1. So which residues in region 38-53 are buried (at least 19 other Cβ atoms within 10 Å of the Cβ) and outside any loop (DSSP other than H, G, I, E, B), if there are any at all?
2. Do we find that residue 94 is out of contact with any helix residue (DSSP H, G or I) (no Cβ under 8 Å at 6 or more places or on another chain) and under 25 Å from residue 170 (Cα atoms) in this structure?
3. Go through region 1-26 and give me each residue that's open to solvent by less than 40 Å² (accessible area, probe 1.4 Å) and either of a type in the set (S, T, N, Q) or at pLDDT below 90 (or both).
4. Within region 55-66, does at least one residue satisfy the condition of being more than 30 Å from residue 136 (Cα to Cα), over 15 Å from the mean Cα position of the chain (by Cα) and open to solvent by 20 Å² or more (accessible area, probe 1.4 Å)?
5. Within region 75-126, restricting attention to residues that are β-branched (Val, Ile, Thr) and farther than 26 Å from residue 197 by Cα, which residue is least open to solvent (accessible area, probe 1.4 Å)?
6. Go through region 61-81 residue by residue and tally those that are farther than 20 Å from residue 94 by Cβ, assigned to a helix (DSSP H, G or I) and free of Cβ contacts under 8 Å to residues at least 60 places away in the same chain.
7. Without any contact (Cβ under 8 Å) to a residue 60 or more places away in the chain, touching a Ser or Thr at 6+ places or on another chain (Cβ under 6 Å) and aliphatic (A, V, I, L, M) - does that describe any residue in region 82-94?
Amino acid sequence: MAAKQERAVQTRESLLRAAAEVFDEYGYSGASIKSILKRAGLTAGALYFHFDSKEDLAREVMNSQPESIVPWLDSRGLQRLVDITLTWARRLQEDPMLRAGVRLTNEQASFGLQDATPYREWAEIMARCLRDAHERGELQAGVEPEEVGEFVVEACTGMQMFSAVASGRADLMERTTRMWRLLLPGIAVPAIVARTEVSPDRVRTPAA
């Protein structure tokens, strides 16, 4: 039974990875079930055992974004928030699953969805970092974690869209570090501004 369950998990992961690669390359409209199955080397029966439709696959890819970033971080407070965005900037250049999730979230209206779940999940993850930062005495008086968390999501969303057009996201890390140079003095106490590392060297890349 355990081996059967493990195979089912592996099949599901193979389908998601193949779908992400195809969605990343062709968008939702250009991605066909046939091309996803060919990329995964699996049958339609395997796909429909795990997912109801192409839309179901797209939702799963959209909502998987934090999984490629958050589990790899062990920092706390504001440093953790900064690390999330730096890792996000790097992984968007390397990880088809994350790129596809971002692309589908941005394009979803074109295929009939209006699902803010990916944005809300990111905002809550960031707000948790900021609530921790508040408890650790890192934030200036009056800074609201939920408000700043949503703002960072909004800023990153626009920033990656600008970067994608301007440089194919080659300059996204530079843009992310600039965002923090501008934002940190407005939300953190001076000692934390000085201590928080905003550098590509903070990024830990998962093993392949």
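The values are calculated or read from the model by the stated rules, or taken from the named source; none is laboratory data. Quantities reported herein were computed from a predicted structural model and do not represent experimental measurements. Because the Cβ atoms are built from the backbone with ideal geometry, glycine has one as well, and the counts that use them run over all protein chains shown. Quick note on the areas: whole protein, heavy atoms, side chains included, nothing else; ligands and nucleic acids left out. Shrake-Rupley method; radii C 1.70, N 1.55, O 1.52, S 1.80 Å.
1. Hits for region 38-53 are 40, 47.
2. Yes, satisfied.
3. Once the filter is applied, which keeps residues that are open to solvent by less than 40 Å² (accessible area, probe 1.4 Å) and either of a type in the set (S, T, N, Q) or at pLDDT below 90 (or both), region 1-26 yields 8, 11.
4. Yes, because at least one residue in region 55-66 is more than 30 Å from residue 136 (Cα to Cα), over 15 Å from the mean Cα position of the chain (by Cα) and open to solvent by 20 Å² or more (accessible area, probe 1.4 Å).
5. 105
6. Qualifying residue count for the region: 1.
7. No.
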